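Read-outs: derived from the displayed coordinates by stated rules, not from any lab. Note that the coordinates shown come from a computational prediction; the quantities given were computed from them, not determined experimentally. Every residue, glycine as well, gets a Cβ built from its backbone with ideal geometry; the counts of neighbours run over all protein chains shown.
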Amino acid sequence: MSAPPAPAQLRLLRRFALAALLTNIGIVFTGGLVRVTGSGLGCPTWPTCDGETIAPRPGSEHATWQTAVEFGNRLLTFVVLAAVIAVFVQVRRTRPHPRSLELLAWALPLGVALQAIVGGITVRMQLSPITVAVHFLLSMVLIALATVLLERVRAIGAPADGPAPPAGVRVATTALLVVSAAVLVLGTIVTGAGPHAGDPGTPRLGIDIRFAAIAHADAVWLLVGLTVALVAVTWRTGPAGLRRAVRVLLVLELVQGAIGYTQYALGIPEALVAIHILGATLVWTASVACWTRARPRPHPAEAPVDAPNAAAGVRAR
């Protein structure tokens, strides 16, 4: 079996993996700020801001601060890209790793590049609710990849923190993840039917927002019920990391639910919408962490064999 990376290199890998996750979460939050401030078309085209220059110029039909908000969010893409490239390079430097870990390191930079293109299409489609939903859900995929990557990196060289969970717990965490994804999809429908379109001229989905909100809330209560059941089942058994993750998830769900009901009762104010978007990413991140921690760790990859030394060993035998 191959030896784990040197401690200093492993610490750096963990920091880069954490940065990849945090930057992906952060840009979802700033993207939400773009939407609730009506700045989505502050730069009305892509990849340029106004059809001629990359950077915004005075004279736009939007307020200067709205253009700055949209352009600033575009610039944050490069921060996210730098973080995922850093973790990719560090994974390569600290090989060998399980193949699944290397695939995750490859997927993140490619996903961020794809997400930038989808963002450009969203702008060119004048913030169509469908493309906005795809843009958001793709971010959730990237956050899931970054979460699994961070969990796998943290496990390198670390001892097991308890007995492996039974098959029933693994199935339950899969159900939890599926319902959590359904909550996100239904949330995008509520968003598409709601008032915060990203720009005053953007059309909305022809759906009654009350009906969409009720369906979304029902899925949330199903998610809470599943999480409560998992908390009960894992209260004294299973890996300590999984028990902690499930309890954190339950707390996040309750806080997120309170924010959701409050924003609906208050007429969907912008500040609470932005906080609710952040809460959604945190609930999703915790759901993915629960799913990952309920799975066995991948077997470490074998170190590559040096051909001359291997041949010498054969001759010696």
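May I ask for the Kirkwood hydrodynamic radius of segment 144-207, worked out over all distinct Cα pairs and given in angstroms to one decimal?
Result for segment 144-207, one decimal place: 15.5 Å.
Please list 126-132, 67-73 highest first by mean number of surrounding beta-carbon atoms within 10 Å per residue.
So the order, starting with the most tightly packed, is 67-73, 126-132.
Can you compute the radius of gyration and Dmax for the chain, using only the Cα atoms, both in Å?
So, for the chain, Rg and Dmax equal 22.2, 80 Å respectively.
By the 4.7 Å beta carbon criterion, which cysteine residues of the chain come out unpaired?
C290
Just to confirm my numbers, what's the Cα centroid distance between segment 205-255 and segment 34-80 in Å?
36
So what are the radius of gyration and Dmax for the Cα set of segment 29-150, in Å?
16.2, 54
If you wrap a convex hull around the C-alpha atoms of segment 1-71 and split its volume per residue, what is the figure in Å³?
It comes to 132 Å³ per residue, whole-number rounded.
Kirkwood hydrodynamic radius, segment 233-278, all distinct C-alpha pairs: what's the number in Å?
Across segment 233-278, the inverse of the average 1/r is 12.1 Å.
Would you work out the Kirkwood radius for segment 54-112? I mean one over the mean of 1/r across all pairs of different Cα atoms, in Å.
By the Kirkwood definition, the hydrodynamic radius is 13.7 Å.
Got a sec to turn the phi values of segment 144-155 into Karplus ³J(HN,Hα) couplings, 6.51 cos²θ - 1.76 cosθ + 1.60 with θ = phi - 60°, whole Hz, x for Gly and Pro?
Values, residue by residue: 4, 4, 5, 5, 4, 4, 4, 4, 5, 5, 4, 7 Hz.
Scattering from the C-alpha atoms of segment 113-175 alone, worked out with Debye: what is log10 I(q)/I(0) at q = 0.16, 0.28 1/Å?
-0.71, -1.13
To the nearest 10 degrees, how steeply does helix 307-316 sit against the main Cα axis of the chain, on a 0 to 90 scale?
Taking the Cα atoms of the chain, the angle to 307-316 is about 20 degrees.
Along the Cα-to-C-beta direction of E61, a point sits 7 Å from the Cα; which residues of segment 29-54 have their amide N less than 15 Å from that point?
Inside the label zone: 39-46, 50-51.
Compute the acute angle (0 to 90°) between the alpha-carbon long axis of helix 240-265 and the principal axis of greatest extent of the alpha-carbon atoms of the chain; round to the nearest 10°.
0
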